[in-house]
Amino acid sequence: MSRLFLAPVRSLKLSPVLSLGRKAFSSASVRLQTVEPKETKETKETKTTHFGFRDVAENEKESLVHNVFANVAGSYDIMNDAMSMGIHRIWKDEFIRNMAPGPGTKLLDVAGGTGDIALRFLDFCKNIHRDSTASVTMVDINPHMLEEGKKRFQKTQYAHTNQANFLVQNAENLEAIPDASVDVYTIAFGIRNCTHVDRVVKEAYRVLKPGGRFMCLEFSKVDNPVIGKFYDIYSFDIIPTLGQVIANDRDSYQYLVESIRQFYSQDEFAKIIRDAGFSTVGKGYENLTFGVAAIHSGFKM
């Protein structure tokens with residue numbers, strides 16, 4: 001039962017290459033006339049993916065998502081509180097408790113955005129273990145979001161330490177992160193915005209050390225039909241309106257709620273994690289608030 005927290009072929013178009021014509025039979029011979037083929041152009045089918053409820057070319061999605069988060073970066077944290085009525089904070093706290101990092105843990109926080117997970121991770125290590133050797137590398141494809149994270153860290157006790165650094169990187173190709181170099185990989189409320197989710201998970205497997213852990217916090221599928229109806233009304237009627245009022249941007253938040261509905265179910269995503277090579281415990285995920293969100297986890301064995 002869910003846990004409730006009280007308190008977000010290429011295709012070839014071939015013209016006829018060979019046609020057969022016939023000329024009249026003569027008593028002397030039968031002749032076969034060959035018609036030369038017309039020149040044809042090879043066409044490639046354009047691969048598509050979803051951007052919210054729209055179908056777009058795969059090579060367009062990254063820039064479209066970039067524009068969304070460039071628009072919302074400055075109001076992202078305020079909107080998270082407004083949209084989830086603060087419950088996202090409880091989810092993230094549970095995410096870190098579930099991780100239970102030890103002293104000296106090296107975390108890679110992908111789609112790290114404004115630093116919610118990174119800060120909670122460092123605070124946990126400091127408060128629970130009195131540890132200042134744990135470190136986090138925050139990665140985001142969007143420099144606007146990463147800049148918000150940098151600003152936030154400058155106001156913390158970690159500002160002038162070597163415990164946090166920031167990289168602009170694509171989650172599908174973490175070229176600056178060596179193989180088998182991190183203990184824990186996290187991605188919170190970011191993977192559904194990626195074009196190729198399976199590539200993201202495979203890249204996580206590559207950068208993790210043997211025994212390392214992949215963790216993902218993401219919106220998911222509500223498992224209670226009654227609650228699901230209210231959740232739909234809230235998502236599609238209230239959240240875009242909040243986006244308009246608070247961030248002056250209805251369209252970006254319309255996309256965000258649509259992207260949630262387009263993401264995999266809990267079991268489908270757990271299969272993607274296992275297919276990438278990870279081992280999971282039990283079903284591989286824990287539902288939060290009736291499945292509004294879920295924590296997914298896998299180990300590189």
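Before moving on, here are some points about what is shown:
- Residue check, residue 146 buried (at least 21 other Cβ atoms within 10 Å of the Cβ), closer than 23 Å to residue 80 by Cα and aliphatic (A, V, I, L, M): yes
- Of the residues screened, residue 118 is not one that is buried (at least 22 other Cβ atoms within 10 Å of the Cβ) and under 21 Å from residue 202 (Cα atoms).
- Residue identified as open to solvent by 70 Å² or more (accessible area, probe 1.4 Å), within 23 Å of residue 295 (Cβ to Cβ) and out of contact with any Leu (no Cβ under 6 Å at 6 or more places or on another chain) among 189, 219, 214, 230: 230
Residues are listed down the side, and each one gets a yes or a no for (1) in contact with a helix residue (DSSP H, G or I) (Cβ under 9 Å, 6 or more places away or on another chain); (2) small (Gly, Ala, Ser); (3) modelled with pLDDT of 95 or more:
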position: 158; (1), (2), (3): yes, no, yes
position: 164; (1), (2), (3): yes, yes, yes
position: 179; (1), (2), (3): yes, no, yes
position: 182; (1), (2), (3): yes, no, yes
position: 206; (1), (2), (3): no, no, yes
position: 215; (1), (2), (3): yes, no, yes
position: 225; (1), (2), (3): no, no, no
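- The lone criterion from (1) in contact with a strand residue (DSSP E or B) (Cβ under 6 Å, 6 or more places away or on another chain); (2) open to solvent by 50 Å² or more (accessible area, probe 1.4 Å) left unmet by residue 298 is number (2).
- In this entry, residue 239 is excluded by the filter for residues that are surrounded by 15 or more Cβ atoms within 10 Å (Cβ to Cβ), farther than 17 Å from residue 274 by Cα, more than 21 Å from the chain's Cα centre (by Cα) and of a type in the set (Val, Ile, Thr).
The values are calculated or read from the model by the stated rules, or taken from the named source; none is laboratory data. Quick caveat, the model's predicted, so the values are computed rather than measured. No Cβ is skipped: glycine too gets one built from the backbone with ideal geometry, and neighbour counts run over all protein chains shown. Heavy atoms of the whole protein, side chains included, go into the accessibility calculation; ligands, DNA and RNA do not. Shrake-Rupley method; radii C 1.70, N 1.55, O 1.52, S 1.80 Å.
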